[in-house]
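Below you'll find the structure, written out as structure tokens, and then a few comments.
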């Protein structure tokens with residue numbers, strides 16, 4: 001397993017990160033523990049979770065994934081072996097995450113409440129990387145939008161300025177509850193604003209940005225990649241398999257039993273016009289090259305110079321083993337050229 005420096009910190013995280021959002025709905029606690037045992041044994045030292053998980057978000061399952069991880073830490077006594085990332089919910093109308101039953105915001109009161117609750121569920125005294133799951137300000141659907149949406153860039157009266165968010169996080173860092181700060185589902189403007197304000201105020205500097213990145217959406221490359229490289233705010237790529245669509249298992253209308261698409265009807269992000277034909281071409285290219293389509297898609301993401309870690313998620317051990325093994329797959333220059341040629345024709349069909 002390759003390890004990469006997280007931002008400008010002293011932490012070296014595995015190039016593959018274990019995503020956990022299915023634990024508590026699609027996966028049982030025992031299955032989550034089995035996945036963590038295997039991943040750690042394979043050299044994966046970086047786990048990612050969130051206060052909102054498991055997914056899809058529901059009041060009755062909110063926090064279930066953190067509790068599963070916390071119980072694993074307690075049972076195994078190995079908190080020191082894992083670099084742990086979690087997240088606070090951004091702006092939303094959800095009224096079941098906070099004690100006052102109000103909508104979620106990234107303000108001082110809610111940051112303190114969210115961090116303390118996550119620490120209790122995780123049964124730990126600190127979180128290594130604490131991320132803003134999605135911004136305080138309104139944003140387009142999807143972290144890397146493929147087109148402009150005027151309504152998504154409204155400026156509400158109750159928006160918490162980035163400087164105020166950073167001041168609150170600075171106090172949490174000083175208290176030792178979190179070590180480092182990260183962003184998620186963020187834009188180039190947002191990332192640079194956090195960097196600028198943190199440097200101006202001496203607060204915690206963001207160390208990473210967790211956005212969607214896959215063969216079906218490479219828009220991160222057009223602006224955010226330069227920020228990632230020049231400012232040492234590397235990408236933690238989520239949905240590298242486009243919720244499993246890049247495995248080819250959903251082609252021709254197939255809907256395998258037990259998959260997220262069947263259980264939750266939440267796949268619209270990867271069912272846009274042009275997505276199926278693009279998926280078919282990438283899957284065909286992988287098979288032509290003698291590769292598992294999932295491993296080709298994952299290896300492409302992991303090999304990008306601006307990627308710090310590739311967040312994989314699995315609902316079965318077979319999937320998990322395939323995904324982690326992708327870390328040993330190297331794409332030839334010829335294969336990368338063919339991937340780029342397809343991208344030139346199909347673009348970014350999914351947000």
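The numbers here are math on the coordinates, done by the rules we state, and not lab data. Given the structure is predicted, the values throughout are model-derived calculations rather than measurements. Virtual Cβ from ideal backbone geometry, glycine too; neighbours counted across all protein chains shown.
Some values worked out for this structure:
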{"quantity": "Helix 333-346 vs. the chain, principal-axis angle (Cα, 0 to 90°, nearest 10)", "calculated": "80 degrees"}
{"quantity": "Using a Förster distance of 30 Å, the FRET efficiency for residue 273-residue 333 (Cβ separation, nearest 0.05)", "calculated": "0.40"}
{"quantity": "Structure-derived mean projected area of the Cα convex hull in nm² - corresponding label in [x] 16.6; [y] 17.8; [z] 19.9", "calculated": "[x]"}
{"quantity": "Order by protection proxy (mean Cβ within 10 Å, highest first), peptides 64-72, 98-106", "calculated": "64-72, 98-106"}
{"quantity": "Fraction of the pair-distance distribution of the stretch 50-209 above 20 Å, Cα-Cα pairs, percent", "calculated": "50 percent"}
{"quantity": "Label point at residue 92 placed 7 Å out along Cα→Cβ; residues across the stretch 26-52 whose backbone nitrogen lies under 13 Å", "calculated": "50-52"}
{"quantity": "Relative contact order computed over the stretch 1-93 (Cα-Cα under 8 Å; 6+ residues apart), in percent", "calculated": "29 percent"}
{"quantity": "Degrees separating the helix 293-302 axis from the principal Cα axis of the chain, which is the longest one", "calculated": "50 degrees"}
{"quantity": "Point-to-point label distance, residue 249-residue 74, nm (Cα→Cβ direction, 7 Å offset)", "calculated": "3.2 nm"}
{"quantity": "In degrees, nearest ten, helix 64-76 long axis to first principal axis of the chain (Cα)", "calculated": "90 degrees"}
{"quantity": "Rounded if a/c under 1.5, otherwise prolate or oblate - the stretch 252-344, Cα gyration tensor axes", "calculated": "oblate"}
{"quantity": "DSSP bridge pairs, the chain: antiparallel proportion in percent, nearest 5", "calculated": "15 percent"}
{"quantity": "The chain: relative contact order as a whole-number percent, Cα under 8 Å and 6+ apart", "calculated": "17 percent"}
{"quantity": "Cα gyration tensor shape for the stretch 1-56, rounded if a/c is under 1.5, else prolate or oblate", "calculated": "oblate"}
{"quantity": "q = 0.09, 0.18, 0.22 Å⁻¹: log10 I(q)/I(0) that the Debye formula gives for the stretch 175-313, counting C-alpha atoms only", "calculated": "-0.33, -1.00, -1.28"}
{"quantity": "FRET efficiency, 1/(1 + (r/R0)^6) with R0 35 Å, evaluated for residue 5 and residue 34 via beta carbons", "calculated": "0.75"}
{"quantity": "Computed FRET value (nearest 0.05) for residue 265 with residue 200, which takes r as the C-beta separation and R₀ as 41 Å", "calculated": "0.35"}
{"quantity": "15 Å cut-off, amide nitrogen to a point 7 angstrom out along residue 171 Cα→Cβ, residues in the stretch 80-113", "calculated": "106-113"}
{"quantity": "Debye intensity ratio in log₁₀ form over the Cα atoms of the stretch 1-133, taken at each q of 0.11, 0.13, 0.20 Å⁻¹", "calculated": "-0.38, -0.53, -1.18"}
{"quantity": "Value at 222 nm in deg cm²/dmol, rounded to 500, when DSSP H runs of n ≥ 4 in the chain each add -39,500 (n - 2.57)", "calculated": "-11000 deg cm²/dmol"}
{"quantity": "The stretch 1-80 and the stretch 183-247: distance between their alpha carbon centers, rounded to Å", "calculated": "20 Å"}
